[in-house]
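Below is one structure, written out as structure tokens; comments come after it.
The values are calculated or read from the model by the stated rules, or taken from the named source; none is laboratory data. None of the values given here were measured: they were computed from a predicted structure. Neighbour counts run over all protein chains shown; Cβ positions are idealised from the backbone, glycine included. Accessible surface areas use protein heavy atoms only, side chains included; no ligands, DNA or RNA. Shrake-Rupley method; radii C 1.70, N 1.55, O 1.52, S 1.80 Å.
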Amino acid sequence: MRHEELKKEAAGEAGAEAVIEGRNAVIEALRAGKAIDKILIQDGAQDGPIQTIKREAKKRDAMIRFVAKERLDQLSQTGKHQGVIAYAAAYEYAEVEDILAAARAKNEPPFVFLLDNIEDPHNLGAIIRTANLAGAHGVIIPKNRAVGLTPTVARTSAGALNYTPVARVTNLAKTMEELKKEGLWFVCADMDGTTMYELDLTGAIGLVIGSEGDGVGRLVKEKCDFVASIPMKGDIDSLNASVAAGVLAYEIVRQRS
């Protein structure tokens, strides 16, 4: 891929307002408590400001990736990255407790989306939009191997991010264990599961959706109480992740109604 194409790709994904370049700027953003999705640091950089960035990032559980200088040069929009580029979230993340509180405020059993391995920002935005329209109280995403709340996600959600809280957690399987103590049970989508019409999808429920390529990870799937399959009559064997989320979500809506 050519240099200018890489720059366009980075700008389109993160959005100019979500990119923070330079050591002091990244340190200030971290200390100000700005939600940071990830920080790219040049391989081999070990000086004082880099150590400060690593320390502040660890405090805030921000993800760090070490990359070659050439990669940073390709992604930089200013040409002055100083070995560090950070990507800030377009929206603030909620806490899992905020999602449960939203359910309590409506006097409804919690209905939560949990997303595993969703890396396409358009898919994430579409799923958040579906979650809002289906009456879900919030969405939970992992910090690693998943896209965060980039401007592309915000645009694709068509405003749903203003109303639907999104929490980001370090360990999705552990979070599911904690939510089980709150009375939630979990259903994930998989071709080898029980047809969704045969399952009882009422009550406090977490709908777990994986990527269309890798699906739900093994550890997360093991925490699910049920595995639901979507009846398909065509010649291909899978749905886009956001479409699968919509189909299952509205079966849950139908049963809850």
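Answer with yes or no whether Thr156 is open to solvent by 20 Å² or more (accessible area, probe 1.4 Å) and touching a His at 6+ places or on another chain (Cβ under 7 Å).
Spelling it out, Thr156 is indeed open to solvent by 20 Å² or more (accessible area, probe 1.4 Å) and touching a His at 6+ places or on another chain (Cβ under 7 Å).
Out of curiosity, is Leu124 assigned to a loop (DSSP other than H, G, I, E, B) and either modelled with pLDDT under 95 or not aromatic (Phe, Trp, Tyr) (or both)?
no
Is there any pair with a first residue in segment 50-64 that is in contact (Cβ under 8 Å) with a residue 40 or more places away in the chain and a second that is of a type in the set (A, V, I, L, M, F, W, C) whose Cβ atoms are under 9 Å apart and which are 6 or more apart or on different chains, and what are they?
Met63/Ile36; Met63/Ile39; Met63/Ala57
What is the number of the single condition among (1) assigned to a helix (DSSP H, G or I); (2) touching a strand residue (DSSP E or B) at 6+ places or on another chain (Cβ under 8 Å); (3) more than 19 Å from Val216 (Cβ to Cβ); (4) of a type in the set (Ser, Thr, Tyr) that Thr164 does not meet?
Tallying (1) assigned to a helix (DSSP H, G or I); (2) touching a strand residue (DSSP E or B) at 6+ places or on another chain (Cβ under 8 Å); (3) more than 19 Å from Val216 (Cβ to Cβ); (4) of a type in the set (Ser, Thr, Tyr), Thr164 fails exactly one: (1).
I need a count of the residues in segment 34-79 that are part of a loop (DSSP other than H, G, I, E, B), open to solvent by 20 Å² or more (accessible area, probe 1.4 Å) and more than 17 Å from Val169 (Cα to Cα).
Residues flagged as part of a loop (DSSP other than H, G, I, E, B), open to solvent by 20 Å² or more (accessible area, probe 1.4 Å) and more than 17 Å from Val169 (Cα to Cα) within segment 34-79 amount to 8.
Scan segment 221-231 and tell me whether some residue there is free of Cβ contacts under 8 Å to residues at least 24 places away in the same chain and open to solvent by 20 Å² or more (accessible area, probe 1.4 Å).
no
Hey, Gln82 hits all of (1) touching a helix residue (DSSP H, G or I) at 6+ places or on another chain (Cβ under 6 Å); (2) at pLDDT 90 or above; (3) open to solvent by less than 60 Å² (accessible area, probe 1.4 Å) but one; which does it fall short on?
Answer for Gln82: the failing condition is (3).
Give the residues of segment 90-118 that are in contact with an Asp or Glu (Cβ under 8 Å, 6 or more places away or on another chain) and assigned to a loop (DSSP other than H, G, I, E, B), sorted by residue number.
Ala90, Pro110, Asn117
Between Ile230, Ile209, Ile205, Ile236, which is modelled with pLDDT under 90 and in contact with a helix residue (DSSP H, G or I) (Cβ under 7 Å, 6 or more places away or on another chain)?
Ile230
What about Pro142, is it buried (at least 20 other Cβ atoms within 10 Å of the Cβ) and in contact with a Lys or Arg (Cβ under 9 Å, 6 or more places away or on another chain)?
Spelling it out, Pro142 is indeed buried (at least 20 other Cβ atoms within 10 Å of the Cβ) and in contact with a Lys or Arg (Cβ under 9 Å, 6 or more places away or on another chain).
When both residues are 6+ apart or on different chains and their Cβ atoms are under 7 Å apart, which pairs have a first residue that lies in segment 24-39 and is modelled with pLDDT of 90 or more, and a second that is of a type in the set (S, T, N, Q) and crowded, with 16+ Cβ neighbours inside 10 Å?
Ile27/Thr52
Table: residues versus (1) assigned to a helix (DSSP H, G or I); (2) hydroxyl-bearing (Ser, Thr, Tyr); (3) in contact with a Gly (Cβ under 6 Å, 6 or more places away or on another chain); (4) open to solvent by less than 20 Å² (accessible area, probe 1.4 Å).
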residue	(1), (2), (3), (4)
Met176	yes, no, no, yes
Asp190	no, no, no, no
Tyr197	yes, yes, no, no
Asp200	no, no, no, no
Leu219	yes, no, no, no
Lys233	no, no, no, no
Val243	yes, no, no, no
Gln255	yes, no, no, no
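For segment 91-117, which residues satisfy the criterion of being surrounded by fewer than 22 Cβ atoms within 10 Å (Cβ to Cβ), within 23 Å of Lys34 (Cα to Cα) and not aromatic (Phe, Trp, Tyr)?
Glu92, Ala94, Glu95, Val96, Glu97, Asp98
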